[in-house]
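Below is one structure, written out as structure tokens; the observations come after it.
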Amino acid sequence: MPNCSSCGKYIQPTEVFRREMYVGTTRRVHYGKRISFGNSTHFRKQSVCISCAKSIDDANESTGTRTKVFLLIVAIVIVLYFALT
Ligand SMILES: [Zn+2]
């Protein structure tokens, strides 16, 4: 019986979606010649319901849009810089 990894709701077998989900951070300490710290984040394919799959997709999409807007602003600033000098 699949349950949603995000909201815990029971999912119909026909509505199981697989999405990459953040499952945690591992902190590692290396005791070598120097002590160093390493963090690694883990993503795992989880079974989620349709509404959670949609919200994960929306979140991924908005991150992409924000990056595009940022690049556009940078491009405009560069163009203005050369236009004004
Ligand atoms: Zn869910």
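Per-structure values
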| item | result |
| --- | --- |
| Unit charges at the beta carbon, dipole of the chain: most positive-side option, 13, 56, 36 | 36 |
| Rg in Å to one decimal, and Dmax rounded to a whole Å, for segment 13-84 via C-alpha atoms | 20.3, 61 |
| Per-residue ³J(HN,Hα) for segment 48-63, Karplus 6.51 cos²θ - 1.76 cosθ + 1.60, θ = phi - 60°, Hz, x for Gly and Pro | 10, 7, 4, 5, 6, 4, 5, 5, 5, 4, 4, 4, 5, 5, 5, 5 |
| Whichever lysines have a C-alpha closer than 16 Å to that of residue 9, once near sequence neighbours (fewer than 8 apart) are set aside | 54 |
| Distant-in-sequence amide H partners of residue 19 (H built 1.01 Å from N, under 5 Å) | 46, 48 |
| Residue-averaged 222 nm ellipticity for the chain, from DSSP H runs of 4+ at -39500 (n - 2.57), nearest 500 | -15000 deg cm²/dmol |
| Gain upon complete extension [residue 26, residue 41; 0.36 nm per residue less C-alpha separation] | 4.8 nm |
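Here, each number is a calculation from the coordinates, and none is a lab measurement. Keep in mind the model is a prediction, meaning the values are calculated, not measured. Glycine gets a Cβ as well: all are built from the backbone with ideal geometry, and neighbour counts include every protein chain shown.
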